[in-house]
Structure formats: C-alpha cells, structure tokens
Amino acid sequence: MNEDDHEIEDLQREVAGLLLEYVYAPLLEDQHVRGVLPAPEGAPAVRVALGDRDECVPSRLTMYEIPLGAGDELRTSHDVVALLRAAHTGTHIYPSDRVTSVMGMDLYLVDPGHS
C-alpha cells in the first residue's frame, strides 16, 4: 500500500468519526447519518446513508458517494460534511450515470463541481 492509499484511509476514518456526531443530532433538518462506508475497491471516496433518526429500512434511506479528492489535494472531513449537506438540500438533477443503487438504497454519486 502506498502513501496516497494510507492518506485516503486515514481521511475515510476521520470523516466517519466526524459523521458519527450526526447519528443522534441531525445533519440537517430531520436527516440523520444512518451509515458511513468507504467506497468500493479502494476508491478515494466515502459513502454516507441519510434518513430519519430511527429509520433502518434501506428503501427509505439515501446514500451519497462523496469524492475525497479535490484536484491534487484531499478534502477535509468538514469539506465532506459541507458537500453532503449541499447534495441533500435543494433541487438537484442527477444524470442517469450518477444515480444507481446499493444495498437497496438509492446511491447518488456527488460531483462537487455541480453541488
């Protein structure tokens, strides 16, 4: 494993730790963090499931994949929280190649340039 991979893993852990605060306190309005996962295959991203505080039915949760890279730099965990809030609020139109599903949840692949 190279140094970049270690940086990504460290940032994924940092983001997960910060997002744990929003399991019981809402991230925004009535939306709570219901799960945090690394992206598959070592991709430099995190996946975050949002839903109502006590929700655990996958079809009622929404998953977002947030990229950790910003050009040659990595985002901070606070940048990821801000992107997650921006992606979940307002009206967003996601192209069909940016929407899929995972584990029974809709998965939105966030493009920070359009959040």
Rounded to a whole %, the carbon-and-sulfur portion of the accessible area of the chain at a 1.4 Å probe is 49
To the nearest 10 degrees, the tilt of helix 3-19 (Cα long axis) against the first principal axis of the alpha carbons of the chain is 30
Taking every other residue with Cβ under 12 Å from the Cβ of residue 54 and scoring Lys and Arg +1, Asp and Glu -1, one gets 0
Between the Cα axis of helix 77-88 and the main Cα principal axis of the chain, the angle (0 to 90°, nearest 10) is 40
Relative contact order of the chain (C-alpha contacts under 8 Å, at least 6 apart) in percent is 22
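Please calculate how many Å² of accessible area the chain carries per residue, with a 1.4 Å probe and no DNA, RNA or ligand atoms counted.
Counting only protein heavy atoms, the per-residue value for the chain is 60 Å².
Could you calculate the contour length gain from residue 70 to residue 4, that is, 0.36 nm times the residue separation minus the distance between their Cα atoms, to one decimal place in nm?
This chain segment gains 22.4 nm when fully extended.
Compute, for the chain, the length of the dipole vector about the Cα centre, with Cβ point charges of +1 (Lys, Arg) and -1 (Asp, Glu) only. Units Debye, rounded to 20.
520
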Given 34-41, 87-94, the highest-first ranking by average Cβ count within 10 Å works out to 34-41, 87-94
From DSSP H assignment alone, runs of 4+ in the chain each adding -39500 (n - 2.57), the sum over residues rounded to the nearest 500 puts [θ] at 222 nm at -8000 deg cm²/dmol
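The values are calculated or read from the model by the stated rules, or taken from the named source; none is laboratory data. Small disclaimer: the values here were computed from a predicted structure and weren't measured. Cβ sites come from the backbone with ideal geometry, for glycine too, and all protein chains shown count toward neighbours. Quick note on the areas: whole protein, heavy atoms, side chains included, nothing else; ligands and nucleic acids left out. Shrake-Rupley method; radii C 1.70, N 1.55, O 1.52, S 1.80 Å.
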